[in-house]
Each structure stands twice: as structure tokens, then as C-alpha cells.
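First comes the structure, then the notes that go with it.
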Amino acid sequence: MNDDIHFYEPASGHGLPHDPFNAIVGPRPIGWISSQDAQGHLNLAPYSFFNAFNYTPPIIGFSSIGAKDSLRNIEQTREFGWNLATRALAEQMNLSCAAVPPEVNEFELAGLTPVASRRIAVPRVAESPVSFECRLTQVLQLQGVDGVAVPTWLVLGEVVGVHIARHLLKNGIYDTAAAQPILRGGGPADYFTVTPDNLFKMFRPR
């Protein structure tokens, strides 16, 4: 056994001050999800298990660890929004993850403005420079290798509308770094941002 390698089996514990799994699989995009229940009560919450999964049709998804308000709302209405969390909006994003009762409107809690979407009833965050309007395609409860279900649900949705601030389109190409998206790291409070000096280009082999 190489003494320079820390090995552990997750089922037996990692033996470290903080679980490294989230830090290794990261930094990860933030799923800043807007939703509403059947009565129109708004919810806004960030999810660190989020990504894109398909081009055509465009499909994104996030995992709800526990049956949270977003999951329940989306199951009721079959719609949700995704809003880009940027460096300028980091504090508001953080405020929106407060553990509050379902009747609390996180838009108001974080001082954000809900603005009407064009293809879905769920509003988007007006202050965010990029938003997706999504319709639910699947909700999958995850399970372990033993086949036993775990209390985590993967929510997948097709993107049916995209909003992009025009200043982020440079010669028609979306400028990722200009948006300054924030990404979730693995420590208790770790985040990263994308800046132009991080950029390098590498084309696929032909």
C-alpha cells in the first residue's frame, strides 16, 4: 500500500475532518432554482448538485437531498427556472438557501426581483444575467448498489426558453468569464469563480 495515498471506503467513513467527495467532484455549477407551488407561492433555492445532461433537447438537472420545497413545487406544476449565480449575486444566493418554512418567499428574503418568464408560469430572477425556463421531464429517486432507495431525488427538465444579457454575447459567442459565475467547492464554505485568466483552449482531435 502506498503511504502517499489516502484510501477509504465511503461506507466505513473517510477519516478526515471534512468529507472530500464534494471537493473532488468540483467546483460544480450552482443550480439556483426558482419554482412555485400550485397556489403560486414562490420559492428560490440553490443546489450544488447540478449540471447539464443533453444538447438536443437541452436538459438540465439537480439533485434534492431530501424532499425539499423545490421538489414538491416542481412535481405539482411540472415547471421550474434556473438562474445563473454570479459573483455579484453571491450574497443573495447564499441568503436564498436559508432553512425557512415553505410560506417564506426567498425572492423577498434575498432582496431579489421575480420577473415573468415567457414560456412557463414560474418567474426568473431579474438580477441574474442568464436564466433557463424549464419543463419537468423526469424525477428519479436515487438508490444505492444494494437497490435500496435513498432520500435523494434527481430532477430533470427540458430547457424551453433561454434569457441571456446581451453584454455577455461577444460576436455572438457567450462569454463565460464575463458573467463571473460562481461554483461550489467542497469545503464548508468554499466557492470559486471563473475569470478570463483561467481560460485555455484545446480542440478535439480530428
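Quick one: is V150 assigned to a strand (DSSP E or B), out of contact with any helix residue (DSSP H, G or I) (no Cβ under 6 Å at 6 or more places or on another chain) and over 27 Å from L42 (Cβ atoms)?
Against the criterion (assigned to a strand (DSSP E or B), out of contact with any helix residue (DSSP H, G or I) (no Cβ under 6 Å at 6 or more places or on another chain) and over 27 Å from L42 (Cβ atoms)), V150 qualifies.
Could you look through region 29-66, keep only residues that are outside any strand (DSSP E or B) and within 16 Å of the chain's Cα centre (by Cα), and pick out the one that is surrounded by the most Cβ atoms within 10 Å (Cβ to Cβ)?
I30
Rundown of residues vs (1) in contact (Cβ under 8 Å) with a residue 12 or more places away in the chain; (2) over 15 Å from S131 (Cα atoms); (3) of a type in the set (G, A, S); (4) out of contact with any Ser or Thr (no Cβ under 9 Å at 6 or more places or on another chain), yes/no style:
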site	(1), (2), (3), (4)
P10	no, yes, no, yes
G13	no, yes, yes, yes
P17	no, yes, no, yes
I33	yes, no, no, no
N43	yes, yes, no, no
P58	yes, no, no, yes
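In region 72-108, what residues are farther than 20 Å from T176 by Cα and touching a helix residue (DSSP H, G or I) at 6+ places or on another chain (Cβ under 8 Å)?
Selection gives F80, L95, S96, A98, V100, P102, E106.
Residue under question is P102, and the condition is that it be exposed (fewer than 14 other Cβ atoms within 10 Å of the Cβ), touching a residue at least 60 places away in the same chain (Cβ under 8 Å) and not in a loop (DSSP other than H, G, I, E, B); does it hold?
no
Which condition does V122 not pass, out of (1) among the hydrophobic types (A, V, I, L, M, F, W, C); (2) in a loop (DSSP other than H, G, I, E, B); (3) in contact with a Cys (Cβ under 7 Å, 6 or more places away or on another chain), if it passes all the others?
So the condition that V122 fails would be (3).
Out of curiosity, is G186 assigned to a loop (DSSP other than H, G, I, E, B) and at pLDDT below 95?
Yes; evaluated as a whole, the condition is true for this residue.
Is there a residue being touching a Lys or Arg at 6+ places or on another chain (Cβ under 8 Å), modelled with pLDDT of 95 or more and not charged (D, E, K, R) anywhere in region 72-89?
Scanning region 72-89, I find at least one residue that is touching a Lys or Arg at 6+ places or on another chain (Cβ under 8 Å), modelled with pLDDT of 95 or more and not charged (D, E, K, R), so the answer is yes.
Tell me the residue from R166, R204, R119, R135 that is among the basic types (K, R) and more than 21 Å from Y55 (Cα to Cα), please.
Just a single option satisfies the conditions, and that option is R166.
Against the condition more than 23 Å from L44 (Cβ to Cβ) and modelled with pLDDT of 95 or more, how does Q180 come out, does it pass?
Judged against the criteria, Q180 is not a match.
What is the residue count in region 174-195 for residues that are without any contact (Cβ under 8 Å) to a residue 24 or more places away in the chain and either exposed (fewer than 10 other Cβ atoms within 10 Å of the Cβ) or of a type in the set (S, T, N, Q) (or both)?
Count: 3.
What pairs can you find where one residue is in region 105-127 and more than 14 Å from I33 (Cβ to Cβ), the other is surrounded by fewer than 18 Cβ atoms within 10 Å (Cβ to Cβ) and among the charged types (D, E, K, R), and their Cβ atoms are less than 6 Å apart, with a gap of 6+ or different chains?
Pairs found: none.
So in region 152-206, with the set limited to residues that are acidic (D, E) and over 15 Å from the mean Cα position of the chain (by Cα), which one is farthest from N83 (Cα to Cα)?
Among residues in region 152-206 that are acidic (D, E) and over 15 Å from the mean Cα position of the chain (by Cα), the one farthest from N83 (Cα to Cα) is D197.
The values are calculated or read from the model by the stated rules, or taken from the named source; none is laboratory data. Model, not experiment: these values are computed from the prediction. Quick reminder, even Gly has a Cβ in these numbers, built from the backbone with ideal geometry, and neighbours come from all protein chains shown.
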